[in-house]
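Here is the structure we will look at.
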Amino acid sequence: MNALSLANLDRVIALLLPDNQASKRVVEKANLHYQKQVHIFSLDALYYSIVQGQDTITASSVSVAMVSEEVEYRDEVELPRNQVINLYCQCGWSSADKPDALLLALSNSQTVVSAWHQNSLIGLGNAISDKALVVYYSHLLVLPSYRNMGIGREIMKRLQSHYTDFHQQILLAIDSAAPFYEKLGFKYSHGVRAMWIYDGRDIDAAQKH
Ligand SMILES: CC(C)(COP(=O)(O)OP(=O)(O)OC[C@H]1O[C@@H](n2cnc3c(N)ncnc32)[C@H](O)[C@@H]1OP(=O)(O)O)[C@@H](O)C(=O)NCCC(=O)NCCS
């Protein structure tokens, strides 16, 4: 989301007094970025802008960097119910249909890493383990608007840090997520087939998109 998409305009500019840090933060959050110093109405000012098709790439990378800096990671297994349900619903995961079981599953997990931005839950991953040889990473999801910012990778890094010497680290990757896990070092299990009994509806839905 940026100022252009909000206002449906080709160009948005902002003129700021140079020492107004609060306004700088607001315009940068709207993906405007600094262009030059100007002198207008007898005042020195900073000129910020975003122009459709020109500044968007630079501005969005600024925005990604800002969000990444602000993301906080937590490791409690007890999480607020409404935030969890919202995350799972927005990601289209059918376990949101079983909220009591979902909250219990997370709190029974050995490890949960959650990602927060401005007090909103934006991603989480969990691990179930025999505490010696085998760990299974059962859930990993990041809100759609926060993807491709390194949050999924960071959640996995923090989860895996508990299981570095384990004999098996296992997960089931949906097709579209498999390249992500390959980047983290997971490999296809040749000679071994993943098998399951599944009571959800989201995997078929994911394959249709
Ligand atoms: C899969 C998912 C968790 C990835 O989280 P993310 O925060 O977007 O991923 P990151 O930004 O940390 O990506 C890390 C790297 O993987 C790449 N990547 C991320 N998702 C990818 C995908 N679906 N396909 C290919 N590469 C992907 C990124 O480009 C990045 O590459 P880089 O290091 O070369 O820049 C997220 O897309 C998601 O929640 N998807 C829906 C739920 C899901 O599929 N969960 C997995 C269940 S099996």
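Every number here is computed from the coordinates shown, using simple stated rules; none is lab data. The structure presented is a predicted model; accordingly, all values stated were derived computationally and were not measured. Ideal geometry is used to build each Cβ from the backbone, glycine not excepted, and the neighbour counts take in all protein chains shown.
Quick one: which of 155-165, 188-198 comes out on top by average Cβ neighbours within 10 Å, and what's the full order, highest first?
In decreasing order of mean packing, 155-165, 188-198 become 155-165, 188-198.
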How long are the semi-axes of the equivalent ellipsoid of the range 72-208, taking √(5λ) for every eigenvalue λ of the Cα gyration tensor, in whole Å from largest down? 22, 18, 16
Quick check: net charge around residue 177, other residues with Cβ under 13 Å of its Cβ, Lys/Arg +1 and Asp/Glu -1? 0
Compute the signed sum of charges (Lys and Arg +1, Asp and Glu -1) over the other residues within less than 13 Å, Cβ to Cβ, of residue 167. -1
